[in-house]
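Below is one structure, written out as C-alpha cells; the observations come after it.
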Amino acid sequence: MIKIDNLFPKVDQNQLQLAGQGLEALMSRKDLGFTQLLDRPNLWESARNRAQELRESGVRRVALLGMGGSSLGPKTLWESFGCWQGELDEFHFFDNLDSVSFFRRLEQLGDPTQVHFILISKSGTTLETLSMADYVDQHLRQKGSSLAAQCTTISELRSNPLSDWARANQVSLLEIPEDVGGRYSVLTPVGLLPAALMGCSLDEIRDGMKSVLDQHQILTQIIAAGLASIQRGDQALYFWPYAQGLETFGFWFQQLWAESLGKKLDRQGKPAPTVPVPIPSLAPRDQHSTLQQVVEGHQPRWVWLLRDSLPVETGPELDQSSFAGGSLREKKKMSDLVAAQADATEGVLTQEGIPTLALSLPGLKPKTIGGLFLAAELVVGGMGEVMGINAFDQPGVELGKKLTKELLSKDR
C-alpha cells in the first residue's frame, strides 16, 4: 500500500514508542466514528443505492456545493481517477462565495436543469453552502425547475436547516454520522456517493482502508516523524506530490492538518505544541517556484514527497526531440522524466540536510486513494493524541463564523 522510501533524519526509539502509544490510544476511542466506518454498512449501501438511482435516471452532469472537507475530498476523487472513468460527462465543484466566479460558472453550466446537484454540509448550517444553494435554487426557478427537484443532500440526520429542508421537500438525504467530523468525513457518503457516481468501486476503497489498518509500523513511523518535526521547531511543512491527480489532496491534507493540530491550548489548558504550517505544492510544476525557498530558505522546514510508483502509461516514448540537448529525452516516457525529477529533488533535499519524508503509492486508483485518506486521518489523529490536544474541534474557525453572523445581523 503506502511505502516509505526515505525518512531523513531517522526517528529515535522514544519517538517511535510515543507514536505507537498515540496510534493505539486513537484506535481505542469509541467516540470517533471515522475509525469505525468499515463496520457501518448502511453508509456504504446508501451511497451505492443512491448512485444507482441517479445513473438509472440518466444523470451525466453533476455539481457539488460544499466547503472544506465537503468539497476537497470528492474533488480529489474526481481528479485522481474519477474523470477518466467515463461514467460522468462533467463534475463541477462550487466551494467559494466569490460572486464573480460563482455566477460565471453557474452560467457556464449551460442548461442547469440537466445538472444534478449534491448539497453537502455536516452541520446543515454552513453559511457558504446554504447561500450557494439559495442562489442556485433562485437560478433554477427562473428556468422552470428548483433545487429540490434535482438535488441530493448529505448531512447529519438530526434536525438542522439542511436536513429539515430535505425532509420538507422530499429530497434524498444521506447521512454523515454525528461522531465523524467534517474534515474526517470523506469516507462517508460525502466521498462515497461522488465516487460511486464516477464509476469507482466502493469495494476497492474499502480494501484500501483495510490494507492501511494493517500498516501499523508505517503509520507509527510517520507519526514519530511528525513528533520529531515538532521537537525541531519546524515552521513549514511542504506537501509535495509528483502526480497531478494528488494536487487537491494536498489542500484536503492542509485542512486536515491545520484544523486538527493547529491549536492554542492542550486538553489541560496549557500551551499546545506548535506544528509546522502545511503548504500544498505540486511537482514538477513548483520546482520552478517554491523549490528555491525549500532548498535554500532559512526557516526550519519539513518536506513530504509523494509519488505514484505505478503511473498509468497513457503516452508513448519520445522518438526524436526537435530541440538542442533533447537527446536526453529520447526513448523516454513522460513518467520517466517525472521519476528522474522526483529522485533528483529527494537527493538534493537529503544532501542539504533538509528533513524529508518520501512516500510512494502503487498507482492512483480507488484502493490507493481510499487507503491514503484513512492513513492521513490516522496519522493526524495519532499525533493529536500524543500532543494531548483535541484534534477534532476547530475553535478558531468557529469564532470567525460567529463574528460573520453578527456582522450580517447588523447590516439588516
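Couple of notes before you dig in:
- Options LEU54, LEU37; residue that is surrounded by 18 or more Cβ atoms within 10 Å (Cβ to Cβ) and out of contact with any strand residue (DSSP E or B) (no Cβ under 9 Å at 6 or more places or on another chain): LEU37
- Filtering region 95-147 to residues that are touching a helix residue (DSSP H, G or I) at 6+ places or on another chain (Cβ under 7 Å), touching a residue at least 40 places away in the same chain (Cβ under 8 Å), surrounded by fewer than 19 Cβ atoms within 10 Å (Cβ to Cβ) and of a type outside the set (A, V, I, L, M, F, W, C) leaves only HIS116.
- Taking the criterion of being open to solvent by 40 Å² or more (accessible area, probe 1.4 Å) and farther than 19 Å from TYR135 by Cα, the residues of region 68-94 that qualify are LYS75, GLU79, CYS83, TRP84, GLN85, GLY86, GLU87, ASP89, GLU90.
- Note on region 392-406: residues that are at pLDDT 75 or above, within 23 Å of VAL380 (Cα to Cα) and assigned to a helix (DSSP H, G or I) amount to 2.
- Taken over region 182-208, the criterion of being under 17 Å from ALA375 (Cβ atoms) and open to solvent by 10 Å² or more (accessible area, probe 1.4 Å) is satisfied by ARG183, GLU204, ARG206, ASP207.
- Pair list, Cβ < 7 Å and 6+ apart or interchain, from region 245-257 residues that are under 15 Å from TYR184 (Cα atoms) and touching a residue at least 12 places away in the same chain (Cβ under 8 Å) to residues that are in a helix (DSSP H, G or I) and of a type in the set (Lys, Arg): GLN255/ARG183; LEU256/ARG183
- Flag if SER309 is open to solvent by 30 Å² or more (accessible area, probe 1.4 Å) and touching a residue at least 60 places away in the same chain (Cβ under 8 Å): yes
- Qualifying helices (runs of 4 or more DSSP H) (wholly inside region 1-91; at least 2 residues being over 20 Å from GLN244 (Cα atoms), within 22 Å of the chain's Cα centre (by Cα) and touching a residue at least 60 places away in the same chain (Cβ under 8 Å)): 13-28, 41-56
- Subset of region 226-248 [out of contact with any Gly (no Cβ under 7 Å at 6 or more places or on another chain) and part of a strand (DSSP E or B)]: ALA236, LEU237, TYR238, TRP240, TYR242
The values are calculated or read from the model by the stated rules, or taken from the named source; none is laboratory data. Everything numeric in this text was worked out from a predicted model, so none of it was measured. Positions of Cβ are backbone-derived with ideal geometry, glycine not excepted, and every protein chain shown enters the neighbour counts. For accessibility, only protein heavy atoms count, side chains too; no ligands or nucleic acids. Shrake-Rupley method; radii C 1.70, N 1.55, O 1.52, S 1.80 Å.
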